[in-house]
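Trainee: One structure, as structure tokens, below. Some questions next.
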Amino acid sequence: MEKQEKGFPYGHVIGFLVAVALTIFALLVVFKTSFATSTKFTLIGLMAVFQAALQLFMFMHMTEGNDRDSKVIHTIYAIGMGIVIIVGSIWVMTAGHSIH
Amino acid sequence: MDIKWDKILVGGDPLLVASQIAIVLTTVGIIAALTYFKKWKWLWDEWLTTVDHKKIGIMYILSGVLMFFRGGVDGLMMKAQTAVPENTFLDAQHYNEVFTTHGVIMIIFMAMPMLMGIINIAMPLQIGARDVAYPQLNALSFWLFFSGAMLFNLSFVVGGSPDAGWTSYFPLAGKEFSPGIGNNYYMIAIQIAGIGTLASGINFVVTILKMRTKGMSLMKMPMFTWTALITSLIIIIAFPIFTIALLIGMMDRLYGTHFFTVEAGGLDMLWANLFWLWGHPEVYIVILPAFGIFSDVIATFAKKRLYGYFSMVLAIVIISVLSMLVWVHHFYTMGVGPTVNSVFSITTMLIAIPTGIKMFNWLFTMRKGKIEFTTPMLWSLAFIPTFLIGGVTGVMLAMAAADFQYHNTLFLVAHFHYTLIPGTVYAVFAGLYYWWPKMFGYKLSEKIGKWHFWLFNIGFNVTFFPMFFLGLNGAVRRAYTYSAESGFSTLFLISAIGSIFLAAGFAALVYNIYWSFRHAERNVGNDPWGSGRTLEWSIGSPAPHYNFATLPEVKSIDAFWYMKKEKKGLELRKSDIKPIHMPAKSWIPVYMGAAFFVFGFVLVFEWHILSVIFGLSVLAGLAFRSFDYDSGYYVPVEEIIETEKWRGEIK
Ligand code: HEM
Ligand SMILES: [Cu+2]
């Protein structure tokens, strides 16, 4: 990314187009296809993860600046905690007979 | 609009009417006194609009002491009710309200502000900073906490108290089973205070990461600052969970959604799950700064460097990670099956390991030290064995199979009071005695302090130790009475007598504050204990508003100790003093507190149109802030020299 700081911001334009494309694809998958619901969820879930990564690297300067390491560490920490909270809750709430 | 006039004042009960009258009279009294002594302007300029971290800390502590009083009276009322079988002092409904408000007030409006207050005062001084990173946000945090606390306390005279326990489990806490408005207070008042706490967490992390003085690497920070950092990280991870849980709980109650309801696809146990995902980390939020206080106090009065500094840091980091992985131990009995229960049993028991490491490190710090039995040290010494009882019973509760027996009994109540009181409350007392001279320029009386210590300690153990046995014998928690045939009477009576000593201990603290304010010796110097190790003891007492005339340079851990020993880096030269930039005071935080209070109040009463209007008043505060360009002022060199005169002549 550093190289492009002066010239035309190709990286940003491409990133933006990819982001728009991913959003449209997600809508298309939900409204225009006849996949099973679980397949739809998997597909749009994957696109969401890809979208998030795109935003972090292309626009939110994840890998730039002199506090790069701390940014990476706290992002990984936050993602880890997010997984614990969400996956953990789903696990706990669907295990045993608590749900019934 | 359906204004519920009949619900506004809770009437009937003589106790309540008496408190209502007392509240009105106190308010009138305070207003009259402020007007008579012409103190309004002083109050506004010096306190309400201040952004000074030390003054904000003092306001936190003052509110915390008040809330301790309120929560303590609740505790005494419960002890009085259960002192004898079939007592009729409180009826079932009243008892429910009292244990609910007791739990919420003690945790959210007593323990939290006390610790926030102590962090606010000591942490910036320990890292050699002149304020926190965002001073105005800091004031906002305080006013949001204060606004939430006042709103919550209002409930018992206006509208009715929440009564579904401090855990407020759905479906009981939902509209279906708790129709009135009492439980709205829970959802809204805690939310307001919680926003403030989250902001504090962010503020402290940035302060510690970005504003340490020259040479203070992370591994040279005092242990209390370390715990403040880790606590703030837990706050940032855990509080948003509660924010969301409270928000959707409020939507269920106010706007008829079905997140936690039994019918219409709601999942009531999800509340318990989310509550404890926040709730367990929350108990570490209130215990870790306490560990930090004990570490500093023990090192100071054993006159030795803290033993095993690195392992102490590692232990709190591990505790903070594990704290996010144990929440299910609060509802083993929900029926999540053996796999889930076993996993959480193991993670819970694992916490005993890093905690044990800390215990041994404190003991080794004292080994061969020249221990000085000052009041802060006494609290730290008493903490170790009493907290150990809390910890060991915690491991007992951690075993899922055994927990089916202990669950919901007074055994559990005894356990968590044995962790929260020695852990948090003793630490708060230790911290208050320890840093009091830094806040006010005089020590609290050591003699009255010993009364406070012994009364409180004996009272605490006599009150709560019998509860372990009551619980093992089958006495359930949250029960307002029991029969004479149950055989519980003797232990309950002993426990009730103990609580009188607890109350006397608290009274001794209040008297100590009053007595020392009037009579204690002033001019205690920068290092009133004579054995301070960290930077806060290098500056005047009370700390000047700009903290450090010149920023110190740190070469090792316990920097001040070595400066004293090597007689280096302590003197202040005239040529080094430069004008100091300080942040401007602001009316916006206190305005936001007031706006949130009114907004919260109309939400509680479900006056929807009014809540839109007052919601806008909150947004107005945000808008004002956006156009606030006041970038502060400079403290002139002459003023600094004048303030630093206690050092002798400055060349
Ligand atoms: C000062 C002396 C105190 C006394 C006499 C006291 C007494 C009690 C009693 C009698 C109960 C209810 C037992 C039952 O379930 O019937 C209780 C519950 C509780 N206490 Fe305390 N307590 C004190 C201090 C504290 C402190 C300092 C904290 C926290 C920092 C605290 C937190 C709680 C909590 C969270 C509950 C559970 C409330 C609920 O069931 O929803 N208490 N206490
Ligand atoms: Cu827990």
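The values are calculated or read from the model by the stated rules, or taken from the named source; none is laboratory data. The structure presented is a predicted model; accordingly, all values stated were derived computationally and were not measured. No Cβ is skipped: glycine too gets one built from the backbone with ideal geometry, and neighbour counts run over all protein chains shown.
Trainee: Within the range B:355-365, can one find any residue that is in contact with a Lys or Arg (Cβ under 8 Å, 6 or more places away or on another chain) and more than 14 Å from chain A (Cβ to nearest Cβ)? Explain how you work it out, then say what you get.
Mentor: Pass one, the range B:355-365, residues in contact with a Lys or Arg (Cβ under 8 Å, 6 or more places away or on another chain): B:365.
So of that shortlist, the ones also more than 14 Å from chain A (Cβ to nearest Cβ) come out as B:365.
Checked the range B:355-365: at least one residue is in contact with a Lys or Arg (Cβ under 8 Å, 6 or more places away or on another chain) and more than 14 Å from chain A (Cβ to nearest Cβ).
Trainee: Limited to the range A:31-88, what total is found for residues that are assigned to a helix (DSSP H, G or I), away from chain B (no Cβ under 14 Å) and under 26 Å from A:A21 (Cα atoms)?
Mentor: Total satisfying the criteria: 25.
Trainee: Then there is this: Pick from B:W276, B:W271: which is assigned by TED's automatic domain parsing to the domain that holds B:N138 and farther than 30 Å from B:H608 by Cα? Explain how you work it out, then say what you get.
Mentor: Numbers: B:W271 fails: farther than 30 Å from B:H608 by Cα.
Testing whether each residue is assigned by TED's automatic domain parsing to the domain that holds B:N138 and farther than 30 Å from B:H608 by Cα leaves just B:W276.
Trainee: Could you please find all residues in the range B:76-86 being outside any helix (DSSP H, G or I) and either crowded, with 19+ Cβ neighbours inside 10 Å or at pLDDT 90 or above (or both)?
Mentor: Here is the first cut: in the range B:76-86, the residues outside any helix (DSSP H, G or I) are B:82-86.
Hits for the range B:76-86 are B:T82, B:A83, B:V84, B:P85.
Trainee: I've got another one for you. Kindly indicate whether B:Y185 is in a helix (DSSP H, G or I), farther than 24 Å from A:D67 by Cβ, of a type in the set (S, T, Y) and modelled with pLDDT of 90 or more. Give the derivation first.
Mentor: Details: in a helix (DSSP H, G or I): yes; farther than 24 Å from A:D67 by Cβ: yes; of a type in the set (S, T, Y): yes; modelled with pLDDT of 90 or more: yes.
Answer is yes for this residue.
Trainee: To continue, here is another question. Residues that are away from every other protein chain (no Cβ under 11 Å) and either out of contact with any Pro (no Cβ under 9 Å at 6 or more places or on another chain) or without any contact (Cβ under 8 Å) to a residue 24 or more places away in the chain (or both): does the range B:314-326 have at least one?
Mentor: No, the range B:314-326 contains no residue that is away from every other protein chain (no Cβ under 11 Å) and either out of contact with any Pro (no Cβ under 9 Å at 6 or more places or on another chain) or without any contact (Cβ under 8 Å) to a residue 24 or more places away in the chain (or both).
Trainee: Let me ask something else. Say whether the condition of being within 13 Å of ligand 1 (Cβ to nearest atom), of a type in the set (D, E, K, R) and touching a helix residue (DSSP H, G or I) at 6+ places or on another chain (Cβ under 7 Å) is met by at least one residue in the range B:526-536. Talk me through it step by step, then tell me what you get.
Mentor: Taking the range B:526-536 and keeping what is within 13 Å of ligand 1 (Cβ to nearest atom), we get none.
Among the residues of the range B:526-536, not one is within 13 Å of ligand 1 (Cβ to nearest atom), of a type in the set (D, E, K, R) and touching a helix residue (DSSP H, G or I) at 6+ places or on another chain (Cβ under 7 Å), which makes the answer no.
Trainee: If you go through the range B:444-462 one residue at a time, do you hit one that is in a helix (DSSP H, G or I), surrounded by fewer than 17 Cβ atoms within 10 Å (Cβ to Cβ) and hydrophobic (A, V, I, L, M, F, W, C)?
Mentor: Yes, because at least one residue in the range B:444-462 is in a helix (DSSP H, G or I), surrounded by fewer than 17 Cβ atoms within 10 Å (Cβ to Cβ) and hydrophobic (A, V, I, L, M, F, W, C).
Trainee: Filter the range B:232-257 for residues that are within 10 Å of chain A (Cβ to nearest Cβ) and under 9 Å from B:W278 (Cβ atoms) and give the result.
Mentor: Listed by number, the residues that qualify are B:A238, B:P240, B:I241.
Trainee: Test each condition in (1) buried (at least 24 other Cβ atoms within 10 Å of the Cβ); (2) under 22 Å from the mean Cα position of the chain (by Cα); (3) within 16 Å of ligand 2 (Cβ to nearest atom) for B:I235 and report the one that comes out false.
Mentor: Answer for B:I235: the failing condition is (3).
Trainee: While we're on this one: Considering only the range B:114-145, state which residues are surrounded by fewer than 24 Cβ atoms within 10 Å (Cβ to Cβ) and either free of Cβ contacts under 8 Å to residues at least 60 places away in the same chain or aromatic (F, W, Y) (or both).
Mentor: B:Y134, the sole residue that qualifies.
Trainee: Let me ask another. Taking the stated definitions as given, is B:I357 under 22 Å from B:P385 (Cα atoms) and at pLDDT 95 or above?
Mentor: On the way: under 22 Å from B:P385 (Cα atoms): yes; at pLDDT 95 or above: no.
Against the criterion (under 22 Å from B:P385 (Cα atoms) and at pLDDT 95 or above), B:I357 does not qualify.
Trainee: Cβ-Cβ below 6 Å, separation at least six or inter-chain, first residue in the range B:503-527 and acidic (D, E), second surrounded by 14 or more Cβ atoms within 10 Å (Cβ to Cβ): which pairs?
Mentor: Listed by first residue and then by second, the contacts come to B:D527/B:W537.
Trainee: Moving to a separate point now. I'd like the full set of residues that are in a helix (DSSP H, G or I), within 16 Å of ligand 1 (Cβ to nearest atom) and within 11 Å of chain A (Cβ to nearest Cβ), limited to the range B:328-354.
Mentor: The initial filter retains those residues of the range B:328-354 that are in a helix (DSSP H, G or I), namely B:328-330, B:332-334, B:337-350, B:352-354.
Cutting the leftovers down to within 16 Å of ligand 1 (Cβ to nearest atom) gives us B:329-330, B:333.
The one that is in a helix (DSSP H, G or I), within 16 Å of ligand 1 (Cβ to nearest atom) and within 11 Å of chain A (Cβ to nearest Cβ): B:T333.
Trainee: Is it the case that B:V283 is part of a helix (DSSP H, G or I), at pLDDT below 95 and more than 14 Å from every other protein chain (Cβ to nearest Cβ)? Quick ask: steps written out before the conclusion?
Mentor: Working: part of a helix (DSSP H, G or I): yes; at pLDDT below 95: yes; more than 14 Å from every other protein chain (Cβ to nearest Cβ): yes.
Yes, satisfied.
Trainee: Something else: Here are some conditions: (1) in contact with a Lys or Arg (Cβ under 7 Å, 6 or more places away or on another chain); (2) under 27 Å from B:L137 (Cβ atoms); (3) not acidic (D, E). B:R573 meets all but one. Which one does it not meet?
Mentor: Unmet for B:R573, out of (1) in contact with a Lys or Arg (Cβ under 7 Å, 6 or more places away or on another chain); (2) under 27 Å from B:L137 (Cβ atoms); (3) not acidic (D, E): (2).
Trainee: Still on this structure: Using the structure shown, decide if B:S483 is surrounded by fewer than 18 Cβ atoms within 10 Å (Cβ to Cβ), closer than 30 Å to B:T88 by Cα and assigned by TED's automatic domain parsing to the domain that holds B:K450.
Mentor: Details: surrounded by fewer than 18 Cβ atoms within 10 Å (Cβ to Cβ): yes; closer than 30 Å to B:T88 by Cα: yes; assigned by TED's automatic domain parsing to the domain that holds B:K450: yes.
Spelling it out, B:S483 is indeed surrounded by fewer than 18 Cβ atoms within 10 Å (Cβ to Cβ), closer than 30 Å to B:T88 by Cα and assigned by TED's automatic domain parsing to the domain that holds B:K450.
Trainee: If you go through the range B:501-525 one residue at a time, how many are assigned to a helix (DSSP H, G or I) and more than 10 Å from ligand 1 (Cβ to nearest atom)? Talk me through it step by step, then tell me what you get.
Mentor: Initial filter on the range B:501-525 (assigned to a helix (DSSP H, G or I)): B:501-519.
Next cut, more than 10 Å from ligand 1 (Cβ to nearest atom) only: B:501, B:504, B:507-519.
Count: 15.
Trainee: With the checklist (1) touching a helix residue (DSSP H, G or I) at 6+ places or on another chain (Cβ under 6 Å); (2) surrounded by fewer than 18 Cβ atoms within 10 Å (Cβ to Cβ) in hand, flag the one item B:S611 doesn't pass.
Mentor: Looking at each condition in turn, B:S611 falls short on (2).
Trainee: While we're on this one: Which condition breaks for B:I195 when tested against (1) within 14 Å of another protein chain (Cβ to nearest Cβ); (2) more than 16 Å from ligand 1 (Cβ to nearest atom)?
Mentor: Answer for B:I195: the failing condition is (1).
Trainee: Then there is this: Run down B:G249, B:G279, B:G215, B:G256 and say which single residue is in contact (Cβ under 8 Å) with a residue 40 or more places away in the chain and buried (at least 21 other Cβ atoms within 10 Å of the Cβ). I'd like the intermediate steps shown before the answer.
Mentor: Details: B:G279 fails: buried (at least 21 other Cβ atoms within 10 Å of the Cβ); B:G215 fails: buried (at least 21 other Cβ atoms within 10 Å of the Cβ); B:G256 fails: buried (at least 21 other Cβ atoms within 10 Å of the Cβ).
The match here is B:G249.
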